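Comments concern the structure below.
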Amino acid sequence: MQARQVDRETDFLLQLQSENSFIKGIVGWTDLEADELAIDQYLTYLDQVLEQFTPQRLMFGSDWPVCTLTATFDEVCDIMNLYIGKLSAHEQYLIMGESAALFYNIERV
């Protein structure tokens, strides 16, 4: 992924953060010209998203099947699990489903 694209994505999310008081998703992207997954770029991006939105306003999702152009779905999940491993169990629970359940007013399974 080009550094400029990361900057554009980050700027866009920061703009959204100020426009909505409740929740945003952790947004992923696929660089269609990448030969391999640039995990460090994703982790840097996630640092910025987490700082701006907090776990209470984030939910995990994927852009499957588009993500499979650069990584398998399991690899996408592995990146997220690697990243949120530094968070408390409660914060991980929020990001991986509870925030979505609260937002959409559905019962978690």
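Brief remarks follow.
- Pairs, first assigned to a helix (DSSP H, G or I) in segment 93-109, second surrounded by 15 or more Cβ atoms within 10 Å (Cβ to Cβ) and of a type in the set (D, E, K, R), C-beta under 8 Å, six or more apart: Ser99/Arg57
- Residues that are touching a helix residue (DSSP H, G or I) at 6+ places or on another chain (Cβ under 6 Å) and among the β-branched types (Val, Ile, Thr) were ranked within segment 55-82; the one that is modelled with the lowest pLDDT is Val76.
- Evaluation of His90 against (1) free of Cβ contacts under 8 Å to residues at least 60 places away in the same chain; (2) part of a helix (DSSP H, G or I); (3) closer than 24 Å to Asp11 by Cα (one fails), failing number: (3)
- For Leu46, the conditions (1) surrounded by 14 or more Cβ atoms within 10 Å (Cβ to Cβ); (2) at pLDDT 75 or above; (3) assigned to a loop (DSSP other than H, G, I, E, B) are fulfilled apart from (3).
The values are calculated or read from the model by the stated rules, or taken from the named source; none is laboratory data. Predicted model only: the values in this text are computed from it and were never measured. Positions of Cβ are backbone-derived with ideal geometry, glycine not excepted, and every protein chain shown enters the neighbour counts.
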